[in-house]
Amino acid sequence: MTDQGAGLVGWVPYRVRAGDAPPRVAWCHVGARRFTEPFFSQTIDACLDRLFNQLFAHETPIDALLDQHRLRPGIAPTAFIFHCSRCGSTLYSQLAAALPQTIAISEAPPIDHILRAAAPNEVRIEWLRALVGVLGQPRGGDERHLFVKFDAWHIAQLPLVQRAFPSVPCLYLYRDPADVLASQLRMPGMHMVPGVLDTSITGIDLRTLLALSREEQRGRLLEWVFEAGLTHAEAGRVALLNYTELPEAAIRQLLAWCRLSGRADLRRVLEETARFDAKTPSLYFSRTDATTNRGLSGATSRLETLYERLEAHRRAAVIS
């Protein structure tokens, strides 16, 4: 292996063409810019608009990613955030980003590219370790903590992620399914569109989904996400956090993870951050009431059962 990564300081991988032979990685020059936007892609898009990145588009074989990680391992991950979608996970990552000496990576597409790559598990684990290490490169020079928020469907890949990073704590955020389903009906995420996720990931036959109503499709896919979260919670793989506990539980947990619990000034910073909408920081945050969405049909019946089991497990963990 050559030192192809030696000249990549300040560059960040934003796309992995895992289907190419060999796989190729597209890089964006970010420099010292922090990932403070709600989503990784927003920071990358802003940087790609710069003339430098337009003039010097950079793509390498995946060996350069492995070399960069070998030369500069990056910050060890502090925690991984999994979620059911529309449940406050973006607020959580925004709170993490508001802390000093912290890198917060929120739903980075190259992570998805690697997790969904048609490659052996051991190969994907090697790629994932390298990618997370490179995403966790200090840019300000004093970073100590790295939080990675995965996409909602990545809960299915939790065992592989934990094989790559066995000592990193994992959190699963969830919310009353009536609220989540109402939000997905208004504006569906990509994983809620039948056919976007391969049936090997969801285990749900596409023809079965297409025979359902739009609400039933969303409900069935959301069941899959909730069931995966519950399975991993019951196996002790993830800690649970309900949307109703935000922002206080998130603030308390983040400060504890970063060993900053005694910093009243940072608590105030996080409390101020929580006042604003996580996806649209120019607006104030407004919590919706789950009871307003109870008009939804029986598409949520099994979801309610899964939610109640998650709640029972979370409460039991608090008591113990």
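Data table
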read-out: Failed condition for I125, given (1) in contact with a helix residue (DSSP H, G or I) (Cβ under 6 Å, 6 or more places away or on another chain); (2) modelled with pLDDT of 95 or more; (3) farther than 20 Å from Y14 by Cα; (4) surrounded by fewer than 20 Cβ atoms within 10 Å (Cβ to Cβ); value: (3)
read-out: Residue within segment 268-286 that is at pLDDT below 95 and closer than 29 Å to I201 by Cβ present; value: yes
read-out: Matching option when the condition is surrounded by fewer than 17 Cβ atoms within 10 Å (Cβ to Cβ) and either touching a Lys or Arg at 6+ places or on another chain (Cβ under 7 Å) or not acidic (D, E) (or both), among T208, T202; value: T208
read-out: Of all residues in segment 48-62 being free of Cβ contacts under 8 Å to residues at least 40 places away in the same chain and surrounded by 17 or more Cβ atoms within 10 Å (Cβ to Cβ), the one that is nearest to the chain's Cα centre (by Cα); value: L48
read-out: Residues that are over 30 Å from Q253 (Cα atoms) and in a strand (DSSP E or B), drawn from segment 60-83; value: T60, P61
read-out: Residue in segment 96-106 that is of a type in the set (S, T, N, Q), in contact with a strand residue (DSSP E or B) (Cβ under 9 Å, 6 or more places away or on another chain) and closer than 22 Å to R237 by Cα present; value: yes
read-out: Residue within segment 230-244 that is surrounded by fewer than 15 Cβ atoms within 10 Å (Cβ to Cβ), modelled with pLDDT under 95 and within 25 Å of T202 (Cβ to Cβ) present; value: no
read-out: Residues of segment 100-115 classified as modelled with pLDDT under 95 and either surrounded by 19 or more Cβ atoms within 10 Å (Cβ to Cβ) or among the polar types (S, T, N, Q) (or both), total; value: 1
read-out: Subset of segment 291-317 [at pLDDT below 55 and among the aliphatic types (A, V, I, L, M)]; value: L296
read-out: Residues of segment 256-283 that turn out to be in contact with a Leu (Cβ under 8 Å, 6 or more places away or on another chain), hydrophobic (A, V, I, L, M, F, W, C) and touching a residue at least 24 places away in the same chain (Cβ under 8 Å), as a count; value: 7
read-out: Residue ID - farthest from P110 (Cα to Cα), chosen from residues in segment 9-59 that are among the charged types (D, E, K, R) and in a loop (DSSP other than H, G, I, E, B); value: R50
read-out: Options Q101, Q137; residue that is polar (S, T, N, Q) and on the phi > 0 side of the Ramachandran plot; value: Q101
read-out: Single match in A18, A26 (criterion: closer than 17 Å to V132 by Cα, at pLDDT below 95 and surrounded by 15 or more Cβ atoms within 10 Å (Cβ to Cβ)); value: A18
read-out: Selection status of G74, at positive phi and either at pLDDT 95 or above or within 20 Å of the chain's Cα centre (by Cα) (or both); value: yes
read-out: Test: residue in segment 63-75 that is in contact (Cβ under 8 Å) with a residue 24 or more places away in the chain, among the β-branched types (V, I, T) and either within 24 Å of M192 (Cβ to Cβ) or in contact with a helix residue (DSSP H, G or I) (Cβ under 7 Å, 6 or more places away or on another chain) (or both); value: no
read-out: Residues located in segment 139-191, provided they are aromatic (F, W, Y) and not in a helix (DSSP H, G or I); value: F147, F150, F165, Y172, Y174
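Conditions (1) over 20 Å from T90 (Cα atoms); (2) of a type in the set (K, R); (3) touching a strand residue (DSSP E or B) at 6+ places or on another chain (Cβ under 9 Å), marked per residue:
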site	(1), (2), (3)
L181	no, no, no
Q184	no, no, no
L206	yes, no, no
S213	yes, no, no
R218	yes, yes, no
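The values are calculated or read from the model by the stated rules, or taken from the named source; none is laboratory data. What you see is a predicted model; the values in this text were computed from it and never measured. Backbone-built Cβ (ideal geometry, glycine too); neighbour counts: all protein chains shown.
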